[in-house]
Structure formats: structure tokens, C-alpha cells
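Below you'll find the structure, written out as C-alpha cells, and then a few comments.
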Amino acid sequence: MSNDTIGSIQGEALAALLHEHRHFSPSEAFAKSANAQPSIYEEAAQDPVAWWAKEAEHLKWEKRWDTTLEWDLPFAKWFVGGKLNAAVNCVDRHVEEGRGDKVAYYWVGEPEGEHRVITYRDLLAMVSQAAHALEELGVTAGERVAIYMPMIPEAVVAMLACARIGAPHSVVFGGFSSEALAGRIQDADARVIITADGQFRRGTALPLKPQVDAALETCPNVRSVLVVRRTGGEVNWVEGRDVWWHDLVDRQSTTHTPEAFDAEHPLYIMYTSGTTARPKGILHTTAGYLVHTATTHRYIFDLKPESDIFWTAADIGWVTGHSYIVYGPLVNGSTSVMYEGTPDAGGKDRWWKIVEEYKVSILYTAPTTIRTLMKWGESYPASHDLSSLRLLGSVGEPINPEAWMWYRKYIGRDNCPIVDTWWQTETGGIMITPLPGITSTKPGAAMRAFPGIDADVVDDHGDSVPNGAGGYLVIRKPWPGMLRGIWGDPERYRDTYWSRFPGMYFAGDGAKRDEDGDIWLLGRVDDVMNISGHRISTTEIEHALVGYPAVAEAAVVGASDPITGQAIVAFVTVKGEQAKSEEDGSQLVSDLRDHVATTIGPIAKPRQIILTPELPKTRSGKIMRRLLRDVAEHRELGDVTTLLDPTVVKMIDENLKAHPGTEE
Ligand code: PRX
């Protein structure tokens with residue numbers, strides 16, 4: 001890999017980033033009382049497996065494990081022989097140990113003034129009722145349940161009820177289209193769906209149930225749909241299949257006897273984009289995942305369950321929500337804020353109102369949101385008392401140093417450490433991060449591997465790079481929260497993650513080790529884009545575009561964007577004589593954007609679609625994406641000599657300049 005292009009960062013921007021030497025020493029205030037002490041790295045390094053086993057003692061086991069790790073590369077089993085119940089660890093044990101009155105969630109609805117306070121005792125009753133309800137619907141251990149819901153407490157209850165009865169859940173983000181939902185239901189062969197009538201988005205009630213109804217036209221195996229009433233109003237109803245949550249769940253007993261499951265019992269499947277058009281069902285199992293999420297949550301966020309109010313501002317439809325709204329925080333008995341809406345619902349200071357009202361002490365969010373808040377200006381946070389905040393976290397994409405500094409200054413008032421946490425759906429929990437009170441921080445760097453994690457940056461041959469050099473991020477040893485496979489496709493699991501560098505987990509990210517040996521994440525090195533912290537594959541969008549009758553060929557690239565990190569730019573050729581006039585062209589572009597939204601979801605809508613008579617190809621017929629990215633980012637075009645027809649790319653460039661109107 002050349003050192004002037006790593007991931008999505010190139011040339012001067014990369015050079016500037018790598019020569020950034022600013023750093024902040026560990027906070028003294030934290031050092032005194034931090035959950036993690038400086039010896040933690042050394043202790044874990046001496047015997048990582050034993051270190052994880054020690055952390056596993058925090059869980060409540062029905063039967064202790066016999067062997068901590070069985071590693072048959074690339075298949076890992078953790079805590080073999082152990083038995084436990086995930087929901088008991090998240091809920092029951094806190095009630096049994098006298099913490100029933102402790103608040104598990106302060107739920108904040110999108111409409112202002114709507115609040116719910118849910119204690120661990122309340123949560124236990126709700127989860128027990130939902131578990132009975134699922135049993136009444138015939139759900140048994142091992143059977144998959146799909147969850148397609150807004151950010152309401154019932155979504156968490158649904159996940160935990162599934163976990164309680166050993167039914168792996170597959171949560172699908174509420175912004176995905178019915179087609180995308182159907183694909184996930186079919187792949188997981190889910191038999192029961194939990195959803196809501198609708199969801200609120202910036203004050204408007206948007207329907208959700210119609211997407212489920214449409215999806216189920218191609219999912220004949222689904223027998224029941226459990227529907228929470230959230231927005232009210234008319235809904236289409238299929239007798240014998242659909243059942244209201246308030247009819248079925250509310251009449252169940254509030255006590256439910258849990259069964260203990262094997263440590264490696266599947267806990268959930270989460271679909272994520274890969275480099276092909278078909279999303280991958282990432283499988284996580286029970287004990288290792290709980291140990292990883294709870295341990296990272298305790299040390300990285302320095303979680304003090306007695307006093308902290310923890311807020312992961314993310315959606316439970318993504319892994320961040322699974323690990324740090326639901327499982328990690330609940331295992332640790334913390335109090336979390338859960339917010340249903342967008343940062344500007346009810347005003348651009350909505351988040352800061354929430355921080356002030358609930359005295360949030362730890363805030364965890366994505367760089368895209370930070371950049372949006374930054375664009376809105378500091379007057380919004382300045383008009384609220386944010387002095388309860390003591391730690392800030394970032395996740396999901398590389399954070400640019402400017403956004404990092406703004407977050408530190410205007411939200412953290414220069415006295416909150418920032419933890420930039422790198423991880424993935426596949427890793428289950430955080431892998432690379434500073435530890436507050438111990439590690440120095442640098443704006444834009446995730447710094448170092450979490451204790452017990454063996455991360456490295458390697459060159460093309462798989463050799464570690466020296467300090468000051470770039471390469472690929474790999475993980476050399478198994479870790480408790482690692483994916484156990486791709487649902488139904490063990491070969492794809494091996495090929496995707498374990499074949500690029502034999503014996504190592506290949507994350508798909510470019511990384512750099514700076515002069516001090518600290519790690520900087522530099523973006524994806526494959527065909528996966530990161531749009532507002534959401535992972536979207538270029539191939540998936542190309543597939544959607546060529547599925548449209550008028551389209552002959554499509555090439556999609558991720559172009560850098562000041563707010564969303566990357567933005568989707570599509571280059572499309574049309575069949576025959578279509579789109580002759582300007583008007584036809586803009587109509588087609590608009591139809592295509594809608595088509596992508598219906599096929600995948602609004603998050604996958606291209607920012608720009610450029611119609612072109614041809615795509616730039618090499619003599620062997622390969623589309624030159626590098627050039628398309630140069631065009632999309634308005635860069636000087638590099639070497640075009642390998643192109644079959646060098647004039648094509650110039651023509652596209654001119655087209656792009658002539659049609660800035662396709663940009664929203
Ligand atoms: O490219 C990395 C980026 O997000 C990808 C994982 O996306 P996903 O599975 O959707 O999980 C996101 C939430 C954990 C990674 O391959 N990424 C995630 N965190 C960071 C990051 N890139 C740079 N810095 C981070 N802190």
C-alpha cells in the first residue's frame with residue numbers, strides 16, 4: 001500500500017494528519033479513581049485468555065465454564081461448558097441483588113414532554129411478559145425473531161425477551177426498505193416479526209407496519225407479527241397473523257422462569273454490508289459477547305453504576321446500540337438515557353436539553369453527528385448546563401481532528417477525556433481505544449488496542465509495519481466478542497476475514513502507526529463506504545441501480561464529504577435511446593434515487609447520480625473506480641493511460657461540472 005493513499009484519505013490531507021503531534025495527557029482527575037489502572041495493559045498482555053476469564057467472573061453463571069478458549073482457526077469458542085442466561089445477566093440479577101429500584105432507562109420520546117422511567121424491576125416484569133408472549137406465539141430456543149422497531153423501550157424488551165428464551169434476534173434498522181427487510185428475514189429464516197405501527201421522525205409519524213406487510217409478501221415462513229402501537233392511526237391488519245403487543249404481552253404473567261443456555265448459544269444476528277451485493281448475517285453468541293461488551297463498557301467509559309448517567313446516542317438497529325445501549329450497560333447495572341429522535345427534533349439544542357435535564361455524565365456518539373452539531377454552532381450547547389458531562393466517546397468512522405477539538409472544547413468544556421473507539425459489527429465490542437486516566441489522547445487517533453486484544457498494522461505481506469508507516473489493520477488473536485461466523489455461510493466467513501492474511505483477522509480498514517506507535521484508523525480499504533457512520537457497500541447500490549429497467553451499467557464510489565464523512569456518488573449508463581433530453585435526464589436521476597431508497601433504504605440514496613454514455617474501463621474491461629473517485633472529489637485526474645478510452649473520464653468530469661443540480 002502506498003503511503004500517500006490509505007483508505008479514503010489521500011495526499012496532503014493524509015500527510016497533515018500524520019504529522020499532527022498534538023496530544024493530551026491522561027486526566028489526573030480520572031487517574032485517581034479510574035476503573036482501569038495503568039497495570040491493566042501488562043496484566044492482560046501476560047495471559048490474555050486468563051485476563052478475560054477473570055473478567056468473566058463478573059457475569060452470573062448457572063454453571064461455570066470448563067475451558068476458557070477453544071481456538072480452531074478461524075472458529076473460536078469461549079467459556080466452553082459454561083451455562084448462563086443473557087437476560088438474567090442484564091436484568092434479573094440486579095433485582096435479586098437489591099437494585100430493583102435503580103433506573104435502567106430514562107426514555108425520552110421524540111415529541112417533547114414524552115418521558116418514561118424504567119427501573120430494573122419494571123424491566124424484569126416487561127421482559128418476563130414479552131418472553132411469555134413469544135412462547136405463546138410458539139417461539140422456541142434457536143428460532144429466529146426479526147425486530148423492526150423505532151427507538152422505544154419495547155425494542156429493548158423485545159431483544160431481551162428473545163435472549164431470555166434463547167431465540168436469536170435479528171434487529172433490522174427502521175430506516176431500511178421493505179425489500180431490504182425481506183432479504184434479512186429470508187436469510188435468517190425468521191418466523192416471527194416484532195414491529196410497531198409507525199415511528200416519529202422530526203415531528204411526523206411515519207408508518208412502519210406497511211413495510212413489514214410488503215416484506216412478508218415474499219416471506220411465507222413468517223407466522224406472526226407482534227405490533228406495538230406507537231404512533232396511532234389506521235393500520236392494515238392480517239387476521240390470524242398480526243397481534244397487538246398490548247393485547248398479547250400485557251396480559252401475561254410478570255414472572256418468568258429463565259432457562260440457562262450454553263455459553264456459545266446464538267444470541268443474535270446483525271446484518272451488515274460487505275463487498276458483495278448481499279449483506280452478511282454476523283452471528284454473535286452469548287457469554288463471550290457479554291463479557292466483551294460489559295468489560296469494555298466498564299473500563300473505557302469508566303462506568304460507575306451508582307452515579308453515572310450513560311447515553312449512547314445511536315440506534316439499536318446498529319451494533320453500537322446492541323452493545324452499548326442494551327447488553328454492556330445492562331450487564332453493568334447502569335442507568336442509561338435512550339432517546340427516540342433526531343438531534344434537531346424540537347430544536348437544535350434538543351440533545352443539550354437532555355444532557356442538562358438528566359445530568360448525563362457520559363456521552364457516546366458518531367463523528368457525523370458531532371460535525372452536524374458543529375455546523376449548527378456552539379450557541380446551542382452554550383445555552384445549557386453541560387457540567388454533568390465527564391467523559392465523551394466517538395464511534396463509527398474516523399473523527400477528523402477539527403471535530404475532535406470542537407467536541408472537547410464546546411461539549412467537554414476542555415475537561416472531559418475523549419475516547420475514540422474503533423470496532424465493527426463483527427468485533428462485537430470496542431477493540432482500539434484510549435483508556436481514560438491512563439492513555440494520552442490525540443485528536444483523530446484511536447490510540448491503542450484494548451487490554452486482551454492483539455491488534456497490529458501490517459503491510460501487504462502481513463508483516464508488522466514500523467512506527468511512522470501505514471498498512472492494514474489486523475487482529476492476531478481471537479477475542480471474546482468476535483463474530484462466530486456469517487449466518488449460513490462458513491466459507492464466506494473464512495474468505496472474508498481470514499484469507500487476506502493467513503492466521504489473522506482482516507478488518508478491511510487502513511491504519512497507520514505514528515512515530516509513538518499509536519494507531520490511527522484511516523477508513524476502509526475495500527468497496528465498503530461509511531456514510532454518516534453507516535456501512536454501505538458500493539456493490540449493493542450498483543446492484544440496486546442496474547435492477548432499474550433503463551440502466552445498463554452503474555459504478556458507485558464514496559466521495560469525501562465534510563459532514564457525512566463519505567457521500568454516495570453513482571455513475572450510470574442508460575440503455576439505448578432513453579434519457580435523450582435534459583428533462584428526461586433529471587427525471588431519470590430523481591427516479592433512480594427513489595429506486596435506491598425503495599430497494600435498500602433512504603440511507604443509501606446517492607448524493608449525486610451522473611448519467612454518462614460510458615464508464616471509464618481498462619483494456620481488460622475493469623471499471624476504474626479510482627478515477628471516478630477523483631472525478632467525484634474534484635481532483636486532478638491521475639494516470640489515465642491504462643484506460644481503453646481516455647476521453648471517457650474527461651467527458652464524465654465535464655458532465656459532473658455541468659450538472660451540479662443533481663446534488664441535494
Ligand atoms: O471502517 C471502520 C469504521 O466503521 C466500520 C465498522 O462499521 P460497523 O460494522 O457498521 O460498526 C460501526 C460501529 C462500531 C469499521 O470497519 N469505524 C468504526 N469506528 C471507527 C471507525 N473508523 C475510524 N475510527 C473509529 N473509531
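The values are calculated or read from the model by the stated rules, or taken from the named source; none is laboratory data. Worth saying up front: this structure is predicted, and the values here are computed from it rather than measured. Don't worry about glycine lacking a Cβ; one is built from the backbone with ideal geometry, like all the others, and counts go over all protein chains shown. Surface areas here come from the heavy atoms of the whole protein model, side chains and all, with no ligands, DNA or RNA. Shrake-Rupley method; radii C 1.70, N 1.55, O 1.52, S 1.80 Å.
Looking at Thr255 and the list (1) open to solvent by 40 Å² or more (accessible area, probe 1.4 Å); (2) within 14 Å of the ligand (Cβ to nearest atom), which single condition is not satisfied?
Unmet condition: (2).
For Met504, indicate whether it is near the ligand (Cβ under 10 Å from one of its atoms) and free of Cβ contacts under 8 Å to residues at least 60 places away in the same chain.
Taking the combined requirement at face value, the residue does not satisfy it.
So for region 434-443 (the condition being more than 24 Å from Lys353 (Cβ to Cβ), modelled with pLDDT of 95 or more and under 20 Å from the mean Cα position of the chain (by Cα)), does at least one residue qualify?
yes
In the list Ser532, Ser537, which residue meets the criterion of being open to solvent by less than 10 Å² (accessible area, probe 1.4 Å) and either touching a Leu at 6+ places or on another chain (Cβ under 9 Å) or within 15 Å of the ligand (Cβ to nearest atom) (or both)?
Only one candidate qualifies: Ser537.
If the Cβ limit is 8 Å and pairs must be 6+ apart or interchain, which residue in region 408-432 that is over 20 Å from Tyr41 (Cα atoms) and without any contact (Cβ under 8 Å) to a residue 12 or more places away in the chain pairs with which residue that is open to solvent by less than 10 Å² (accessible area, probe 1.4 Å) and within 9 Å of the ligand (Cβ to nearest atom)?
From region 408-432, no pairs qualify.
Return the residue satisfying two criteria in turn: it lies in region 279-306 and is part of a loop (DSSP other than H, G, I, E, B), away from the ligand (no atom under 16 Å from the Cβ) and of a type outside the set (A, V, I, L, M), and of such residues it is surrounded by the most Cβ atoms within 10 Å (Cβ to Cβ).
Thr286
Can you find, within region 457-477, the residue that is nearest to Val49 (Cα to Cα) among those that are in contact with a Gly (Cβ under 9 Å, 6 or more places away or on another chain) and open to solvent by less than 20 Å² (accessible area, probe 1.4 Å)?
Val474
List every residue pair whose Cβ atoms sit under 8 Å apart, with the two residues 6 or more apart in sequence or on different chains, where the first one lies in region 78-101 and is under 19 Å from Val156 (Cβ atoms) and of a type outside the set (D, E, K, R) and the second, anywhere, is in a helix (DSSP H, G or I) and open to solvent by 20 Å² or more (accessible area, probe 1.4 Å).
What qualifies is Val91/Leu124; Val95/Arg121; Val95/Leu124; Gly100/Arg121; Gly100/Leu124.
Looking at region 224-250, which of the residues that are assigned to a loop (DSSP other than H, G, I, E, B) and of a type in the set (S, T, N, Q) is farthest from Pro207 (Cα to Cα)?
Here the residue is Asn236.
Pro480: in contact with a Pro (Cβ under 7 Å, 6 or more places away or on another chain), open to solvent by less than 10 Å² (accessible area, probe 1.4 Å) and either away from the ligand (no atom under 16 Å from the Cβ) or on the phi < 0 side of the Ramachandran plot (or both), yes or no?
No; evaluated as a whole, the condition is false for this residue.
Exactly one of (1) out of contact with any Ser or Thr (no Cβ under 6 Å at 6 or more places or on another chain); (2) open to solvent by 20 Å² or more (accessible area, probe 1.4 Å); (3) among the hydrophobic types (A, V, I, L, M, F, W, C) is unmet by Ala313. Its number?
The number of the failed condition is (1).
Residue-wise test of (1) more than 9 Å from the ligand (Cβ to nearest atom); (2) buried (at least 21 other Cβ atoms within 10 Å of the Cβ); (3) within 15 Å of Ala29 (Cβ to Cβ).
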{"residue": "Tyr407", "(1), (2), (3)": "yes, yes, no"}
{"residue": "Ile411", "(1), (2), (3)": "yes, yes, no"}
{"residue": "Asp414", "(1), (2), (3)": "yes, no, yes"}
{"residue": "Thr421", "(1), (2), (3)": "no, yes, no"}
{"residue": "Ile430", "(1), (2), (3)": "no, yes, no"}
{"residue": "Pro436", "(1), (2), (3)": "yes, yes, yes"}
{"residue": "Thr441", "(1), (2), (3)": "yes, yes, yes"}
{"residue": "Ala446", "(1), (2), (3)": "no, yes, no"}
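Could you please find all residues in region 383-401 being open to solvent by 20 Å² or more (accessible area, probe 1.4 Å), out of contact with any helix residue (DSSP H, G or I) (no Cβ under 6 Å at 6 or more places or on another chain) and away from the ligand (no atom under 15 Å from the Cβ)?
Ser383, Ser387, Ser388, Arg390
Quick check on Ala214: is it surrounded by fewer than 20 Cβ atoms within 10 Å (Cβ to Cβ) and more than 23 Å from Asp250 (Cβ to Cβ)?
Spelling it out, Ala214 is indeed surrounded by fewer than 20 Cβ atoms within 10 Å (Cβ to Cβ) and more than 23 Å from Asp250 (Cβ to Cβ).
Among Tyr493, Tyr548, which is open to solvent by less than 30 Å² (accessible area, probe 1.4 Å), of a type outside the set (A, V, I, L, M, F, W, C) and away from the ligand (no atom under 14 Å from the Cβ)?
That would be Tyr493, the only listed residue that is open to solvent by less than 30 Å² (accessible area, probe 1.4 Å), of a type outside the set (A, V, I, L, M, F, W, C) and away from the ligand (no atom under 14 Å from the Cβ).
When the residues of region 341-357 are filtered to those that are touching a residue at least 60 places away in the same chain (Cβ under 8 Å) and open to solvent by 30 Å² or more (accessible area, probe 1.4 Å), which remaining residue is nearest to Thr320 (Cα to Cα)?
Out of the qualifying residues, it is Asp344.
Within region 266-277, identify whether any single residue is open to solvent by 20 Å² or more (accessible area, probe 1.4 Å), within 13 Å of the ligand (Cβ to nearest atom), under 28 Å from Thr369 (Cα atoms) and hydroxyl-bearing (Ser, Thr, Tyr), and answer yes or no.
Scanning region 266-277 turns up at least one residue that is open to solvent by 20 Å² or more (accessible area, probe 1.4 Å), within 13 Å of the ligand (Cβ to nearest atom), under 28 Å from Thr369 (Cα atoms) and hydroxyl-bearing (Ser, Thr, Tyr).
When you check Arg524 against the structure, is it within 13 Å of the ligand (Cβ to nearest atom) and open to solvent by 40 Å² or more (accessible area, probe 1.4 Å), yes or no?
Answer is yes for this residue.
Go through region 551-565 and report how many residues are closer than 20 Å to Asp420 by Cβ and surrounded by fewer than 21 Cβ atoms within 10 Å (Cβ to Cβ).
4
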